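The values are calculated or read from the model by the stated rules, or taken from the named source; none is laboratory data. As the structure is a computational prediction, the values presented were derived from the model and not from experiment. So basically every Cβ, Gly included, is an ideal-geometry build from the backbone, and we count neighbours across all protein chains shown. Ligands, DNA and RNA are stripped out before the accessible areas are found, and what is left, the full protein with its side chains, is counted by its heavy atoms. Shrake-Rupley method; radii C 1.70, N 1.55, O 1.52, S 1.80 Å.
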Amino acid sequence: MADEPKAPAEAPVSLAEAAQLVLLDPKKLRFFRHGDSLRLTVADDRSLLKVAVLRAFPLSSPRRYLSVRDGNNKELGMIPDPEALDAESRALIEKDLERRYLVPWVKRIVATKERFGTVDWEMETDRGLCKLTTRNLRENVQRPAPGRIIITDVDGNRFDIRDVDALDAESQRMLFQNM
């Protein structure tokens, strides 16, 4: 039995190489939709059949610095200013980002109930009435800015309280009672 040829080992990537940021030129990028897939053609370079676009700073700078990733979730580069994309590409990306980053914002807290280490919430959001459950709220709360709180439920859904002070007194009481 002959030995099978071995695949060449991947060359190790240095930390400096891995940390290099590639800025993509928006004028060379064309995004297309094919079914559920977002595709990308980079002028004079390549076409990719499946890409994903993610916000590098989804809370502090959602309209700038978009990470473009291939089908294997490997970052191809960063779009520093998506406004420089052509109108069709920009519209496709905005629609995709809206779907990916759907985060209802909380208008008021209707009710809470603590049970067995979890808290059941009923909240009125910009998308209607929502019921959610949180566990260990201290680990599932982000404070991206003073007065702003983002709560993550047990299913990974996020709910944005944009201004705690704008909530009515009863909503604030229920919020802080369960934090």
Original post:
Would it be correct to say that D168 is touching a helix residue (DSSP H, G or I) at 6+ places or on another chain (Cβ under 9 Å) and either charged (D, E, K, R) or open to solvent by less than 60 Å² (accessible area, probe 1.4 Å) (or both)?
Top reply: no
Original post:
Of the residues that make up the stretch 53-69, is at least one of a type in the set (S, T, N, Q), open to solvent by 70 Å² or more (accessible area, probe 1.4 Å), more than 20 Å from R99 (Cα to Cα) and modelled with pLDDT under 90?
Top reply: no
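This table checks each residue for (1) free of Cβ contacts under 8 Å to residues at least 40 places away in the same chain; (2) of a type outside the set (K, R); (3) within 25 Å of S61 (Cα to Cα); (4) touching a strand residue (DSSP E or B) at 6+ places or on another chain (Cβ under 8 Å).
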| position | (1), (2), (3), (4) |
| --- | --- |
| D120 | yes, yes, no, yes |
| E124 | yes, yes, no, yes |
| R127 | yes, no, yes, no |
| C130 | yes, yes, no, yes |
| R138 | no, no, yes, no |
| I150 | no, yes, yes, yes |
| A166 | yes, yes, yes, no |
| E170 | no, yes, no, yes |
| M174 | no, yes, no, yes |
Subject >> Extreme residue, surrounded by the fewest Cβ atoms within 10 Å (Cβ to Cβ), among residues of the stretch 92-107 that are of a type in the set (K, R) and modelled with pLDDT under 90 >> reply: R99
Original post:
Given the conditions (1) open to solvent by less than 30 Å² (accessible area, probe 1.4 Å); (2) out of contact with any Gly (no Cβ under 8 Å at 6 or more places or on another chain); (3) on the phi < 0 side of the Ramachandran plot, and given that G77 satisfies all but one, which numbered condition is not satisfied?
Top reply: (3)
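Out of the stretch 127-166, which residues are of a type in the set (A, V, I, L, M) and outside any loop (DSSP other than H, G, I, E, B)?
L129, L132, L137, V141, A145, I149, I150, I151, I161, V164, A166
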Original post:
Within the group S89, S47, S37, which residue is of a type in the set (S, T, Y), over 30 Å from V164 (Cα atoms) and crowded, with 16+ Cβ neighbours inside 10 Å?
Top reply: S89
Original post:
Here are some residues: R64, R138. Which one is more than 26 Å from L49 (Cβ to Cβ), of a type in the set (K, R) and touching a Lys or Arg at 6+ places or on another chain (Cβ under 9 Å)?
Top reply: R64
**OP:** For the stretch 122-153, name all the residues that are open to solvent by less than 70 Å² (accessible area, probe 1.4 Å) and aliphatic (A, V, I, L, M).
**Re:** M123, L132, L137, V141, A145, I149, I150, I151
Original post:
Within the stretch 113-126, is there a residue that is assigned to a helix (DSSP H, G or I) and farther than 16 Å from L40 by Cβ?
Top reply: no
Subject >> Leading residue by the ranking (farthest from R158 (Cα to Cα)) among those in the stretch 108-121 that are open to solvent by less than 90 Å² (accessible area, probe 1.4 Å) and not aliphatic (A, V, I, L, M) >> reply: G117
**OP:** Quickly run through the stretch 156-165 and pick out the residues that are farther than 11 Å from N140 by Cβ and open to solvent by 50 Å² or more (accessible area, probe 1.4 Å).
**Re:** R162, D163, D165
